[in-house]
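Notes follow the structure.
The values are calculated or read from the model by the stated rules, or taken from the named source; none is laboratory data. As the structure is a computational prediction, the values presented were derived from the model and not from experiment. All Cβ positions, even for glycine, are placed from backbone atoms using ideal geometry, and neighbour counts span all protein chains on display. These area figures cover heavy atoms from the full protein model, side chains too; ligands, DNA and RNA do not enter into them. Shrake-Rupley method; radii C 1.70, N 1.55, O 1.52, S 1.80 Å.
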Amino acid sequence: MKKIFIILTVFITISCKAQIVDINTPSFEMQQGSYRKDINNELAPFLGTWEATWNNKKITLYLTKITHHYQIHPRLVYYYEDLVVGTYKVVDLTTGAILEDTTNITTIENIPIISSALARTKNMLCTLYMKRGVNAGDCAILSNVYLYRDLNNPNILTYKYFIDSYESKNCPYNNVDDIPVNIPKQQVTLHKI
């Protein structure tokens, strides 16, 4: 009887072990307690310190990977996943003034750039950029920042910014394009440093 109990316990433990799935698995396909893992190290080419200049400004973008981060899907399914997160510093090249510096943010809830998807071709990372308050008044912006790998040069990423939505509760701006954002709102080329 004791052996049967031990065998059943081992079987149940193995059966209940969380399923590990590839990083490209859509979030709506995730099962309770599963882990969307960067099994093949596909996020690695996006990691590091990147710089670009535009309109007499310079952005330094710091992209790192967080592993086994707890997520909950709107279907109330919880799972874990590997993510790319980013902080940045923007400097006015004319005056040397720091326009924005998010590099001291350490809690994931406040990190401004978080990956949301890796393209199946593995050459594009879709991230979400969130800005609340600070220089934007009471406006809240949710944008997509697409990072495209240059397959011929691993030290280059193409950056594209697209505004997805914004909250206008008490927002003093009538047009979303007028909301001050210090990161580039245009396509720029990031160079790995």
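Some points to look at:
- For region 27-126, the fraction of C-alpha pairs more than 21 angstrom apart is 44%.
- Nearest-10 value in Å² for the accessible area of residue 173, using the 1.4 Å probe: 70
- Heavy-atom accessible surface of residue 94, to the nearest 10 Å², is about 100 Å², with a 1.4 Å probe and all protein chains retained.
- Taking 16 Å as the cut-off, the amide N atoms of region 170-185 that come nearer than this to a point 7 Å along the Cα-to-beta-carbon line of residue 53 belong to 184.
- Residues in region 101-116 carry Karplus couplings, in order, of 9, 9, 5, 8, 6, 10, 8, 4, 5, 10, 5, x, 10, 9, 5, 10 Hz; the curve used is 6.51 cos²θ - 1.76 cosθ + 1.60 with θ = phi - 60°, and Gly or Pro positions show x.
- Largest-first principal axis extents, alpha carbons of region 45-193, Å: 40, 40, 26
- Links that overshoot a 21 Å alpha carbon limit, given the list 65/185; 58/160; 57/192; 57/122; 37/122: 65/185; 57/122
- Largest to smallest accessible area among 59, 163 [probe 1.4 Å]: 163, 59
- Entry comment: accessible area of region 47-189 is 53 Å² per residue, from protein heavy atoms only and a probe of 1.4 Å.
- Segment residue 178-residue 97, length gained on full extension (0.36 nm per residue, minus Cα span): 27.0 nm
- In summary, region 70-114 shows an alpha-carbon radius of gyration equal to 1.66 times the 2.2 N^0.38 Å reference for compact globular proteins.
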